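See below for the structure under consideration.
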Amino acid sequence: MRAKMDVKDLKEIVNLLLTLVTEAKFEFNQDGMGVKAVDPAHVAMIVLDLPKDGFIEYEAEDEEIGIDLDKVKDILKLASSRDVIEFTKEGSKLTFLIGNLTRSMPLIDTSAMSIPRVPNLALPAKVVVPVSDFTNGIKAAESISDNVTLKITPTEFEMYTEGDEDVARVCLPKDMINEISCDEPVKSMYPVDYLVKLVKAMDSAEYLTIYMGTDYPIKIEFDIAGGKGKATYLLAPRIEGE
Amino acid sequence: MNPTVCVRCKGRLWCGLNKCPIIETARNTLPKLSLSGDSIFGASPPSVFVGKKGYPYVYAGPLISEEKVPFISTSELFGMSLNDVLSSTATLIRTAKKVNVRKFNEKIIEASQEIAMSERSVDTEIWVEKYYGGATVDEFFHPTGPRIQPQKIVVAENPVIPNKVDSVIEEKLKAEIAIRELYFYGYDVDYLQRLMAAGVMGKSRRMVPTRWSITAVDDIASRALLKKVKQYDTIDAVEYRYAAYMGNEFHIFLIPGSWEYEMLESWMKGSIYSGGWSVGVGDYEPYSGRKNYADNVTGAYYSARLGVAEYLAKIRRQAKIIVYREITSDYKLPLGVWVIRETVRYAMRLKPVKFSSIEEALNAAKTKMHNAEWISKSRILYNLHHQRKLEDYF
């Protein structure tokens with residue numbers, strides 16, 4: 001396997017994975033690269049796909065590679081965002097090339113790393129919202145509570161949080177949303193720390209496609225690598241009451 | 001007095017009174033010390049106290065003992081009986097002169113700074129202007145002996161200042177960066193605290209009330225450790241530890257998952273501040289940390305957090321932490337947050353009992369608790385109980 005890509009794109013992929021895990025198993029084939037990761041608490045999952053065209057140069061057979069993401073992050077600190085990075089698998093090593101710097105690191109044994117199962121969810125409601133509005137809602141929630149409640153109705157998308165005394169609410173009516181499809185109102189509560197880390201790691205996305213049900217996981221789809229790749233993020237809800 | 005206010009305020013005078021009646025009553029039970037004469041000669045452990053009343057005009061000065069230096073670090077006090085702690089702290093005479101925290105024009109400040117920077121005790125001579133007697137107790141700092149107003153103060157010996165400390169001070173790093181660097185270098189938190197209190201660190205130098213500097217150092221050191229801890233894998237089983245000291249009973253739970261921290265307290269009937277009631281309080285921080293002061297638990301929150309953060313950094317793992325502290329009627333005097341820090345550190349050195357779920361751990365721990373009401377108040381437990389996993393939806 002040998003591939004060349006923009007440093008900025010690899011940085012984004014690594015940062016997104018690091019919100020959930022410190023090691024990941026990357027799958028390569030002729031068509032491109034994919035990676036799935038679940039956090040240790042099994043609350044969230046991310047699935048990233050970057051097709052061959054998303055790379056500057058790309059050649060690979062069917063291969064699985066275990067990578068220590070913290071190490072890659074350290075290597076990327078040596079590069080500027082405008083640089084190009086090349087990486088090659090040589091035996092049990094992965095060698096990175098940035099300009100005239102070469103840096104090798106051992107691969108992680110993938111035999112103990114399972115590829116997470118992706119739940120098959122039938123989520124009845126969907127909205128497409130600007131990342132900036134979503135980020136505002138999450139940041140407002142973060143200062144008040146550890147949970148945020150999301151709600152989709154036929155006419156609006158709402159994010160709200162209640163602390164002991166404080167309340168924060170972001171409300172996007174239908175005409176401020178790019179797309180909305182919802183027959184019945186749906187509502188679920190999610191742990192805000194996961195979403196804080198997610199929005200911090202996103203770099204390319206301008207819009208998020210959100211799928212939801214009531215007391216069901218949320219599915220968020222967004223662009224990565226400047227629109228050349230796709231990401232799907234799943235997060236299990238917190239159930240109120242009981 | 002309203003005990004739900006008192007257990008949170010802990011002598012901060014939220015009631016509007018001039019003096020805290022609870023602390024005054026406690027003070028009066030302390031042993032009294034008389035001075036040998038108009039001038040005293042003895043060693044400073046080394047130690048410095050900076051008050052906070054009237055800030056920025058505060059009473060400040062070094063502590064001096066006419067007898068053998070009782071201790072250098074509060075970590076040495078851990079395990080002693082209440083009487084032993086009180087008799088060793090009561091020999092510490094607290095010199096106090098009113099100074100402006102930003103104006104280093106008084107001789108007493110210079111002396112305090114020299115003493116604070118020293119790693120070893122420093123012989124000091126003081127001419128007494130006024131003797132106030134009594135003793136002082138504080139929720140943050142260890143108890144001290146009588147207070148005197150000095151007329152003149154002479155440091156009679158060269159302080160021993162390690163090169164590392166000297167260079168960090170000379171560099172004029174931001175206080176937070178300087179403390180982090182010295183903490184990782186291995187210096188005791190009590191040493192760093194007195195450097196901060198004496199105002200020798202930071203870009204804009206000023207003295208910092210002892211109470212604030214204790215919490216600042218606990219906070220800075222634990223945040224620095226947690227930055228590393230958050231990079232580590234999570235522990236793989238629930239761990240439970242129990243330790244008790246001076247009427248403080250700690251139940252510490254480590255739960256697999258990304259870092260979160262919560263400290264809850266039950267002030268049992270008969271403990272200081274609680275009056276005839278049992279009162280519970282708590283503070284929490286999510287993975288990202290907290291942005292404001294832990295106003296319910298106060299300094300103990302940060303001291304306990306340092307104890308668990310040191311442990312997690314050592315084993316290179318992260319976890320969700322619940323520290324539950326029961327304060328029983330054996331806790332009659334505020335002794336300072338070192339009691340919390342050292343008891344938690346001690347607990348973390350114990351071999352844990354492991355469980356496969358938090359429910360099992362709580363059930364086992366309940367047999368040792370006086371009060372299990374906090375379980376329904378814990379945010380970490382609420383979130384764990386209500387958090388679904390992705391595999392619930394396969």
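Key figures
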{"quantity": "Residue ID - nearest to the other protein chains (Cβ to nearest Cβ), chosen from residues in region A:230-242 that are among the aliphatic types (A, V, I, L, M) and part of a strand (DSSP E or B)", "calculated": "A:Leu234"}
{"quantity": "Residue that is farthest from A:Glu158 (Cα to Cα), among those in region A:199-229 that are in a strand (DSSP E or B) and touching a helix residue (DSSP H, G or I) at 6+ places or on another chain (Cβ under 7 Å)", "calculated": "A:Gly229"}
{"quantity": "First in region B:216-228 and closer than 18 Å to B:Leu195 by Cβ and open to solvent by 10 Å² or more (accessible area, probe 1.4 Å), second anywhere and hydroxyl-bearing (Ser, Thr, Tyr) and in a helix (DSSP H, G or I), Cβ under 6 Å, 6 or more apart", "calculated": "B:Asp219/B:Tyr302"}
{"quantity": "Entirely in region B:11-122, the helices (runs of 4 or more DSSP H) that have 2 or more residues that are under 23 Å from B:Glu342 (Cβ atoms)", "calculated": "B:21-27, B:82-89"}
{"quantity": "Sole residue being within 18 Å of the chain's Cα centre (by Cα), open to solvent by 60 Å² or more (accessible area, probe 1.4 Å) and among the aliphatic types (A, V, I, L, M), chosen from A:Val118, A:Val129", "calculated": "A:Val118"}
{"quantity": "Filtered residues of region B:345-365 (kept if open to solvent by less than 90 Å² (accessible area, probe 1.4 Å), of a type outside the set (S, T, N, Q) and either without any contact (Cβ under 8 Å) to a residue 24 or more places away in the chain or within 14 Å of chain A (Cβ to nearest Cβ) (or both))", "calculated": "B:Ile358"}
{"quantity": "Leading residue by the ranking (most open to solvent (accessible area, probe 1.4 Å)) among those in region B:276-316 that are within 14 Å of chain A (Cβ to nearest Cβ) and of a type in the set (Lys, Arg)", "calculated": "B:Lys291"}
{"quantity": "Pick from region B:277-308, criterion more than 15 Å from the chain's Cα centre (by Cα) and of a type in the set (A, V, I, L, M), ranking: nearest to B:Arg223 (Cα to Cα)", "calculated": "B:Val281"}
{"quantity": "Answer residue from region B:226-248, given it is in contact with a Lys or Arg (Cβ under 7 Å, 6 or more places away or on another chain) and of a type in the set (S, T, N, Q) and is farthest from the other protein chains (Cβ to nearest Cβ) among those", "calculated": "B:Asn248"}
{"quantity": "Region A:186-198, subset assigned to a strand (DSSP E or B) and at pLDDT 95 or above, residue most open to solvent (accessible area, probe 1.4 Å)", "calculated": "A:Lys187"}
{"quantity": "Number of positions in region A:118-151 that are among the charged types (D, E, K, R), within 12 Å of chain B (Cβ to nearest Cβ) and either touching a Leu at 6+ places or on another chain (Cβ under 6 Å) or over 26 Å from B:Glu260 (Cα atoms) (or both)", "calculated": "0"}
{"quantity": "Hits in region A:156-168 (condition: in contact with a helix residue (DSSP H, G or I) (Cβ under 8 Å, 6 or more places away or on another chain) and open to solvent by 50 Å² or more (accessible area, probe 1.4 Å))", "calculated": "A:Glu156"}
{"quantity": "Residue that is nearest to A:Tyr207 (Cα to Cα) [pool: residues in region A:92-135 that are in a loop (DSSP other than H, G, I, E, B) and β-branched (Val, Ile, Thr)]", "calculated": "A:Val118"}
{"quantity": "Flag if B:Ala244 is under 18 Å from the mean Cα position of the chain (by Cα) and assigned to a helix (DSSP H, G or I)", "calculated": "no"}
{"quantity": "Which numbered condition B:Arg94 misses (of (1) closer than 24 Å to B:Ala221 by Cβ; (2) at pLDDT below 95)", "calculated": "(1)"}
{"quantity": "Among residues of region B:24-46, those that are modelled with pLDDT of 80 or more, open to solvent by less than 50 Å² (accessible area, probe 1.4 Å) and not polar (S, T, N, Q), counted", "calculated": "5"}
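For every residue, the table says whether it meets (1) of a type outside the set (A, V, I, L, M); (2) away from every other protein chain (no Cβ under 14 Å).
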residue: B:Met196; (1), (2): no, yes
residue: B:Ala224; (1), (2): no, yes
residue: B:Phe250; (1), (2): yes, yes
residue: B:Gly257; (1), (2): yes, no
residue: B:Met263; (1), (2): no, yes
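Residues checked against (1) closer than 23 Å to A:Leu20 by Cβ; (2) not hydroxyl-bearing (Ser, Thr, Tyr):
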| site | (1), (2) |
| --- | --- |
| A:Asp83 | no, yes |
| A:Thr88 | no, no |
| A:Gly91 | no, yes |
| A:Leu97 | no, yes |
| A:Asn100 | no, yes |
| A:Pro116 | yes, yes |
| A:Leu121 | yes, yes |
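The values are calculated or read from the model by the stated rules, or taken from the named source; none is laboratory data. Bear in mind the structure is a predicted one, so any value in this text is a computation, not a measurement. Note that we place each Cβ from the backbone using ideal geometry, even for glycine, and neighbour counts take in every protein chain shown. All accessible areas refer to the heavy atoms of the entire protein, side chains included, with ligands and DNA or RNA removed. Shrake-Rupley method; radii C 1.70, N 1.55, O 1.52, S 1.80 Å.
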